[in-house]
């Protein structure tokens, strides 16, 4: 899960180019960590992120900047779809053509939740 504001980027980007995707930079100066609580400001989006947990639930709270579109991006590729030897949608279509099968399309495993201001 990634809170984002402003322009939507659906790819995580390169590790050595933080502005190339949806990842954000942060500063340890904006971090606060203690047992059961973590907070940090995502500097590329100016979003204050707070995380806490109970024995059964994890909670997120995001403070978005005023006047910009606010979204929470859920990218399943970084966990269940990211493994060595993965066949992505483009490779799947190419394999189907090689085998003479009908072109199969897969849905993008990225979901975007636009948030309305209160």
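What is the spin-label model distance, in nm, from residue 56 to residue 29 if the labels are put 7 Å beyond Cα along the C-beta direction?
Taking the two extended label points, one gets 4.3 nm.
What ranking, highest mean first, results for peptides 7-14, 56-63 when packing means the other Cβ atoms within 10 Å averaged over each residue?
7-14, 56-63
If you find the alpha carbon centre of the range 1-17 and of the range 23-51, how far apart are they in angstrom?
Each part's Cα centre sits 16 Å from the other's.
If you stretched the chain out fully between residue 11 and residue 68, how much longer would it get, using 0.36 nm times the residue separation minus the C-alpha to C-alpha distance?
Gain on extension, residue 11 to residue 68, equals 18.5 nm.
Sorted by packing (mean other beta-carbon atoms within 10 Å per residue), highest first, where do 38-47, 16-25 land?
Descending mean neighbour count gives 38-47, 16-25.
Where a number appears in this text, it was derived from the coordinates with a stated rule and is not lab data. Treat the numbers as computed from the prediction; the structure is a model and nothing was measured. Glycine gets a Cβ as well: all are built from the backbone with ideal geometry, and neighbour counts include every protein chain shown.
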